[in-house]
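Since the structure comes first, as structure tokens, the remarks are kept for the end.
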Number of protein chains: 4
Amino acid sequence: MTVGVGVIGTGMIGQDHIRRITQVLSGGAVVAVADVDAARAGQVAAGLPAATVHPTGQDLVADGAVDAVLVASWGPAHEEHVLAAIVAGKPVFCEKPLAPTGEACLRIIEAEMASGRRLVQVGFMRRYDSGYLALKAALDNGEIGAPLMMHCAHRNPSVPPYGFTTELMISDSAVHEIDLVRWMFGEDIVGTNILKPRRSSKGGADLHDPLIVLLEMAGGVLVDVEVFVNATYGYDIRGEIVGERGTVALADAGGAVLKQDGARTGRVPADWRERFIRAYDVELQDWLKAVAAGTSTGPSSWDGYAATAAVESCLEALRTGSRTAVSLGERPDFYAKEQ
Amino acid sequence: MTVGVGVIGTGMIGQDHIRRITQVLSGGAVVAVADVDAARAGQVAAGLPAATVHPTGQDLVADGAVDAVLVASWGPAHEEHVLAAIVAGKPVFCEKPLAPTGEACLRIIEAEMASGRRLVQVGFMRRYDSGYLALKAALDNGEIGAPLMMHCAHRNPSVPPYGFTTELMISDSAVHEIDLVRWMFGEDIVGTNILKPRRSSKGGADLHDPLIVLLEMAGGVLVDVEVFVNATYGYDIRGEIVGERGTVALADAGGAVLKQDGARTGRVPADWRERFIRAYDVELQDWLKAVAAGTSTGPSSWDGYAATAAVESCLEALRTGSRTAVSLGERPDFYAKEQ
Amino acid sequence: MTVGVGVIGTGMIGQDHIRRITQVLSGGAVVAVADVDAARAGQVAAGLPAATVHPTGQDLVADGAVDAVLVASWGPAHEEHVLAAIVAGKPVFCEKPLAPTGEACLRIIEAEMASGRRLVQVGFMRRYDSGYLALKAALDNGEIGAPLMMHCAHRNPSVPPYGFTTELMISDSAVHEIDLVRWMFGEDIVGTNILKPRRSSKGGADLHDPLIVLLEMAGGVLVDVEVFVNATYGYDIRGEIVGERGTVALADAGGAVLKQDGARTGRVPADWRERFIRAYDVELQDWLKAVAAGTSTGPSSWDGYAATAAVESCLEALRTGSRTAVSLGERPDFYAKEQ
Amino acid sequence: MTVGVGVIGTGMIGQDHIRRITQVLSGGAVVAVADVDAARAGQVAAGLPAATVHPTGQDLVADGAVDAVLVASWGPAHEEHVLAAIVAGKPVFCEKPLAPTGEACLRIIEAEMASGRRLVQVGFMRRYDSGYLALKAALDNGEIGAPLMMHCAHRNPSVPPYGFTTELMISDSAVHEIDLVRWMFGEDIVGTNILKPRRSSKGGADLHDPLIVLLEMAGGVLVDVEVFVNATYGYDIRGEIVGERGTVALADAGGAVLKQDGARTGRVPADWRERFIRAYDVELQDWLKAVAAGTSTGPSSWDGYAATAAVESCLEALRTGSRTAVSLGERPDFYAKEQ
């Protein structure tokens, strides 16, 4: 079975998913696209074998050829597009964030529960990265004993000098680690705080770069995340879990080692594409298989809500300068871990 | 366009390529299978959406739904299946070796040239490995200057105690490095020799394991390949090119680093699947794209012939205990590098 | 010239320094010892070519054969022994801490200034470690640009189940990083705080292990130090400085890489001796040379005072649970950096 | 006890040992020097507390203040100086080679045996390198099973354009690996051969650089040594032993890892000093201790003879282009391993 996918939002990330479905993965075909910029949607469709252009996301969802919906519109529009897919009873893959506020996420959860079926997967692709999977396997196999801490670094070479705010360092960057640690440790974040190291002069005037984001897990594990979006030297993602009997950490990339001019040199990835392109491929292939099989295996609406709630807590900590609690309410059985 | 692929040979490697085309890659579908074991072919076809079972490879080639042929039969049968595809004017991907003797390879070359079109790709998947590609990029960019030597190691954890002979260490194992270095340095192998280190007691009584295979490139680069098929500890493939101004080597695998019990530990791949599965995926995806585009980009019949000729030279060196020349004759323009 | 050294305190660390001076280093000889346990002092002296046993540290200082004094008595006795050496005008090497309280350190500083000459070196040996020296060289050469953060980990395999308190994790363990960062960044610590991750069950009931110690440098650099004294897997000291244009980190130890049973394995040091024995050798050799040359090059009384003051601040932060300022007063010109 | 050392030969290596004894090590003092260049000997002595200048090595040996002799004269003079020390019954440390010909070495052996006491240590310092010691420990502990092969690389950044011949690549460079493998595997070299890769254009016109030196151990272990004396990028010494159940290899140097400009970079040593200075220190400290204790623990005259004999075999293989046997004759009990 080939899954007919309708893509709402044909910007950079939308186009990348279209390329993925069309040229890399098995079992899917892009049959419809929609974008607020109709011309762009038309251009994208022109490069595909057979894709209908729809004026709105709602129209796309209603298209009979669309078996499943991929939402890559901008964040504030996610809610309406995801809700439309839920109402139509169609599986929907929504790029992160599920929605920019906890309230919006809860409305999606309510609608999905009302539909009686898990339809939503949120695009947290790190769960599909082979490095993090190796960490999780070591942790789950008891190789390091009970976890106590995790040290993370999230370093981008640079961000645009205008428009990228300190808040985005949390909602756009640290959000990946926020979802990651919930999945890694199988428990929720109960408190957050922000530390401010010396500010790099490489960022814009209003950007407090880097930050250290502290995340307290329900069981006491303390996670520190260095978020540094103008690190200049490359895209460097690091993580080390410290347990009672050992530690496990992301290894440096493989590839080649060059010896030259007195140095032994390996490559640091240039950007998130180089570092995570495989994780995106695996993520979307898994989603296509789950859709074809009528199951749901990836990050759920509840995970999307929990991430947004933790982001809101971090933003509050950033404003107030003090530790802020995260309170999610109880997770409905509908979102129990095993599905 | 979806390429209809007919697969001749449904043993381990054939089934793996079928899985790849069906579940992993984009743009192909297995529409026909054939195997000397008709029952096995039937079982394999039963697991596919729509694949015809043919009694012989020739019948499969003749099937109108078959756009391109994948030959995964046993080595001695490759010649007849590849020739059948050439005669039918259909692109054919042939697992290594192209054929077990230089003469057989030359017959394929003759037929392909007579057909007027490059139709054959040989399954040397290392050319698609990201590690080797990084080495080649460093070399081609002049980062290490003119190449002088290459040190390789080809270590398997183990081979079956019976049936795996010293000769297979060359024709089955070292053949990968043989093709690799021709591609890496863009020149032919002109001489070979075999050194015999102390024999491991882990192999069968008739197996002289390990060997060191020496390959002399036309331009003087000397390649040494340790072939060790009962290395026990894992599947470990290594390569370092030494140039006038530096060296470049395959890095150890990434993944995770575990610290435990006084040690810092990374994983060695368990087998060739773990090490090279991505290279196989990229190789076959490239082939499907080339078939769809009507081009030919991978290792050619000439490459298959050159590899078999170098294997024959190594086997002669093994018998005689002395350096043996390799003489290919001149490469026809038909097989000029750029295609 | 051979420097005649009198050693006060012949416990573990004192004996180790005696072995070092006698069997490893050049230019020194242990000519006198003293210890509160006279029998132990006698035994130690018996193993030396010609060392007088003195009943008290003061007697030892007065011995005409003693050119310089090494204080390895327990912390609370340091003040009286160092003061005795200063009064006698003899150079003195004092194991850390210089004294357990800031007030005691200030009394030593006052006496040393009154003597008109820099006589005191404090035993912060990390400044002599080749790894940290490589970090400092990279930093001082501008290779990573302006420093913004430093991430450290200080992991011991274990501490005795009784007697080792949470406070000692700061005054005995983190004190090394406290001195280190002052030296590394050439500026003082102005604030501290303590974070409490989940507690390991491997430590004693009263030990909150691990901790994260936060140190704010005068220029804004934020240092986080994981102190984990029951890490079980080995003695692992890590440090990474993050700058505006890059990072520099302690490398893993060299030695040998073993490949065995599916793993690639390097050794983690078993204890501080294995990790830092060379730094201790270099430290004391430098001190002997400085004494012979009549100069003073190592960590000063002021450095000892600054470290103790930062430790006191951390202990206050541990008690109160909040950020605590460090205030040293102005550094006298007598202790200007260049000497 | 302080060992009074007389140093014959005050060139570069002689001066370095003098510095070592005087400023770095414990238990020795340079009390006499001699050199064919009397002026140089005088200058060197002037920088020492109390060293007599002797007109000849023989005079120096006769000096009553000389307890032990260090021979750092040029190779052809080693024999006469070592013999003089033996006749005088004084322990002697002789830089490699013991003597340039097997015959000369045998004369030393004869004299030493006639003296009734082991007096000679040859300066093969790699046996004292922590990296090789870690390899030997792994091997001797059975961690990799029975050894089958060893792969070595001996890379110098450069050699002088004139005067450094292809023969010196063996007698000056590979000689280190020659002694090393005899010690590592506890058995003799029984055959040698030389392979000639493509020649680097960086060396002088007469220099065939690099070479691959093959060494066959008595038990069948095959050692390949890449000798590359104009490797340009640094001083890089590598070694990997391959055994039946695993491998063990020299790790890259520790120090610091720099991340900058898209790369992760570690340092390659600049020269042999940086790489092996500690091994030289440990070697000579051990010798001083052995002299003081009246024992002999390091590489013996027999080891010096065996190395020279293997060098002669390699030079013959270089001339003839074919495998050459090494025949040492039987080792006298006088040189039994355990002393």
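Observations, loosely collected:
- Pairs linking a residue in the range B:147-161 that is closer than 13 Å to residue B:181 by Cα to a residue that is modelled with pLDDT of 95 or more and among the polar types (S, T, N, Q), with Cβ atoms under 7 Å and 6 or more positions apart or on different chains, are B:148/D:200.
- Residues in the range A:295-339 that are at pLDDT 95 or above, touching a strand residue (DSSP E or B) at 6+ places or on another chain (Cβ under 8 Å) and more than 16 Å from residue A:97 (Cβ to Cβ): A:316, A:317, A:318, A:321, A:322, A:323, A:324, A:325.
- Boolean, residue D:150 is more than 14 Å from chain C (Cβ to nearest Cβ), under 26 Å from residue D:301 (Cα atoms) and of a type in the set (A, V, I, L, M, F, W, C): no
- Some residue of the range D:148-160 being in contact with a His (Cβ under 7 Å, 6 or more places away or on another chain) and of a type in the set (Ser, Thr, Tyr): no
- For the range C:79-107, the set of residues classified as surrounded by 22 or more Cβ atoms within 10 Å (Cβ to Cβ), part of a loop (DSSP other than H, G, I, E, B) and among the hydrophobic types (A, V, I, L, M, F, W, C) consists of C:98, C:99, listed by residue number.
Quick grid of which residues meet (1) touching a helix residue (DSSP H, G or I) at 6+ places or on another chain (Cβ under 8 Å); (2) under 30 Å from residue C:255 (Cα atoms):
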residue: D:95; (1), (2): yes, yes
residue: D:107; (1), (2): yes, no
residue: D:140; (1), (2): no, yes
residue: D:144; (1), (2): yes, yes
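- Sole residue being surrounded by fewer than 18 Cβ atoms within 10 Å (Cβ to Cβ) and either assigned to a strand (DSSP E or B) or at pLDDT 95 or above (or both), chosen from A:65, A:41: A:65
- Pairing residues of the range B:235-249 that are among the polar types (S, T, N, Q) with residues that are outside any strand (DSSP E or B), at Cβ distances under 9 Å and at least 6 apart in sequence or on separate chains, gives B:247/B:144; B:247/D:231; B:247/D:233.
- Residue check, residue B:10 part of a loop (DSSP other than H, G, I, E, B) and among the hydroxyl-bearing types (Ser, Thr, Tyr): yes
One line per residue, one yes/no per condition, for (1) in contact with a Phe, Trp or Tyr (Cβ under 6 Å, 6 or more places away or on another chain); (2) surrounded by fewer than 21 Cβ atoms within 10 Å (Cβ to Cβ); (3) modelled with pLDDT under 95:
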position: C:223; (1), (2), (3): no, no, no
position: C:233; (1), (2), (3): no, no, no
position: C:275; (1), (2), (3): yes, yes, no
position: C:287; (1), (2), (3): yes, no, no
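- Qualifying residue in the range C:297-310 (condition: surrounded by fewer than 19 Cβ atoms within 10 Å (Cβ to Cβ) and either at negative phi or out of contact with any helix residue (DSSP H, G or I) (no Cβ under 8 Å at 6 or more places or on another chain) (or both)): yes
- Total residues in the range C:44-62, condition outside any helix (DSSP H, G or I) and either of a type in the set (Gly, Ala, Ser) or surrounded by 14 or more Cβ atoms within 10 Å (Cβ to Cβ) (or both): 8
- Test for residue A:268: is it in contact with a helix residue (DSSP H, G or I) (Cβ under 7 Å, 6 or more places away or on another chain), within 13 Å of chain C (Cβ to nearest Cβ), crowded, with 19+ Cβ neighbours inside 10 Å and not acidic (Asp, Glu): no
- Test: residue C:123 is within 14 Å of another protein chain (Cβ to nearest Cβ) and either of a type in the set (Gly, Ala, Ser) or more than 30 Å from residue A:244 (Cα to Cα) (or both): no
- Whichever residue in the range B:317-339 is touching a residue at least 12 places away in the same chain (Cβ under 8 Å) and in a helix (DSSP H, G or I) and, among such residues, is nearest to residue B:227 (Cα to Cα): B:318
- Meets criteria (within 20 Å of the chain's Cα centre (by Cα), more than 8 Å from chain B (Cβ to nearest Cβ) and among the small types (Gly, Ala, Ser)) for residue D:243: no
- You will find that of C:263, C:293, the residue that is away from every other protein chain (no Cβ under 12 Å) and of a type in the set (Gly, Ala, Ser) is C:293 and no other.
- Filter pass, residue C:76 being modelled with pLDDT under 95, surrounded by fewer than 21 Cβ atoms within 10 Å (Cβ to Cβ) and either in a loop (DSSP other than H, G, I, E, B) or within 22 Å of the chain's Cα centre (by Cα) (or both): yes
This table checks each residue for (1) touching an Asp or Glu at 6+ places or on another chain (Cβ under 9 Å); (2) crowded, with 22+ Cβ neighbours inside 10 Å; (3) more than 30 Å from residue B:138 (Cα to Cα).
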position: A:200; (1), (2), (3): yes, yes, yes
position: A:209; (1), (2), (3): no, yes, yes
position: A:213; (1), (2), (3): yes, yes, yes
position: A:217; (1), (2), (3): yes, yes, yes
position: A:294; (1), (2), (3): no, no, yes
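- Meets criteria (within 11 Å of chain A (Cβ to nearest Cβ) and in a strand (DSSP E or B)) for residue B:254: no
- Among (1) more than 7 Å from every other protein chain (Cβ to nearest Cβ); (2) part of a loop (DSSP other than H, G, I, E, B); (3) under 28 Å from residue C:137 (Cβ atoms); (4) not aliphatic (A, V, I, L, M), the one test that residue D:278 misses: (2)
- Taking the criterion of being among the small types (Gly, Ala, Ser), within 14 Å of chain C (Cβ to nearest Cβ) and without any contact (Cβ under 8 Å) to a residue 40 or more places away in the chain, the only residue of the range D:1-44 that qualifies is D:29.
The values are calculated or read from the model by the stated rules, or taken from the named source; none is laboratory data. Quick caveat: nothing in here was measured; it's all calculated off a predicted structure. Using ideal geometry, Cβ is built from the backbone for each residue, glycine included, and neighbour counts are taken over all protein chains shown.
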